[in-house]
Amino acid sequence: GGGTNNAVGFARLGLKTGFIGIVGTDNNGYSVISDLKKEGVDFLGVMKEGKTGYSVILTGKKDRTILAYKGVNNNPKEKDLNLRGTKAKWIYASTMMGDSLKASQEIMSKFKRAKTKIGINISLYLAKLGIKKIEKIVALADVIILNLEEAETLTEKKHVEEMFHFFSSYTKAKIVITNGPYTIYA
């Protein structure tokens, strides 16, 4: 999913990269770990009894649909991840849902206290929760990436300038708003 895809992308850019997350003890879990290793990504996560999450992406001419099975990676708890001694200049958190949202906030808080920079991706799921539900995570971030639809949903604004003004009330993070093949706003 988002975490592994981003980790591979960062590694391909030449950055020393690790993946913190949970995979199942099924064949998919072993495959994920093997693929990360081939891509030069250190697996810093854990294997947990159960099935690894996966997604199927159905593409159309102008849109796509993602069918997702979350598996054991959907409900990480900080105690499930052995982060003691883990040092990083940056961490990047992709889509967080349900219990993983709370765990991510706890993990980000610890890294932030250690002076680690934090990048997050705000999914449509998080945007629909509203700023009050994600305000603490937004405040921890140094970089926030979201697409135009997510930005419109979260801010309830239609103009990019108004969106940036909205964010300035909640964070000092650099905001990046993508818009498919069109202009990226930052």
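Key figures
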read-out: Carbon/sulfur fraction of accessible area - the chain, other protein chains in place, 1.4 Å, %; value: 52
read-out: Efficiency of FRET from Cβ geometry, Tyr182 and Ser109, R₀ 22 Å, rounded to 0.05; value: 0.05
read-out: Heavy-atom accessible area order for Leu15, Leu36, largest first, 1.4 Å probe; value: Leu15, Leu36
read-out: Gyration tensor (alpha-carbon) shape descriptor, the stretch 1-147, a/c threshold 1.5; value: rounded
read-out: Over the chain: helical MRE at 222 nm, DSSP H runs n ≥ 4 each giving -39500 (n - 2.57), nearest 500; value: -11500 deg cm²/dmol
read-out: Cut-off 14 Å (backbone N to label point 7 Å along Cα→Cβ of Asn74), residues of the stretch 1-40; value: 24
read-out: Heavy-atom surface of the chain, accessible at 1.4 Å and reported per residue (Å²); value: 64
read-out: The stretch 82-186: Cα Rg divided by the 2.2 N^0.38 Å rule of thumb; value: 1.06
read-out: In Å², nearest 10: area of Glu150 left accessible to a 1.4 Å probe; value: 20
read-out: Cα pair distances in the stretch 1-67, grouped into 5 Å bins until the bin that holds the longest one, percent each; value: 4, 17, 25, 21, 15, 12, 6, 1
read-out: Point-charge dipole on Cβ atoms (K/R +1, D/E -1) for the stretch 86-186, about Cα centre, debye to 20; value: 660
read-out: Virtual paramagnetic centre 7 Å along Cα→Cβ of Glu156, amide N under 11 Å, in the stretch 103-144; value: 130-132
read-out: Other-chain or far-sequence residues with amide H under 5 Å of Tyr92's (modelled H); value: Gly119
read-out: In the stretch 129-173, the chymotrypsin sites (Phe, Trp or Tyr not before Pro) that fall in loop regions by DSSP, at most 12 other Cβ within 10 Å; value: none
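The values are calculated or read from the model by the stated rules, or taken from the named source; none is laboratory data. In this text, all values refer to a predicted model and were calculated from it rather than measured experimentally. Note that each Cβ is placed from the backbone with ideal geometry, even for glycine, and that neighbours are counted across all protein chains shown. Protein only, heavy atoms only, side chains kept; ligands, DNA and RNA dropped before computing areas. Shrake-Rupley method; radii C 1.70, N 1.55, O 1.52, S 1.80 Å.
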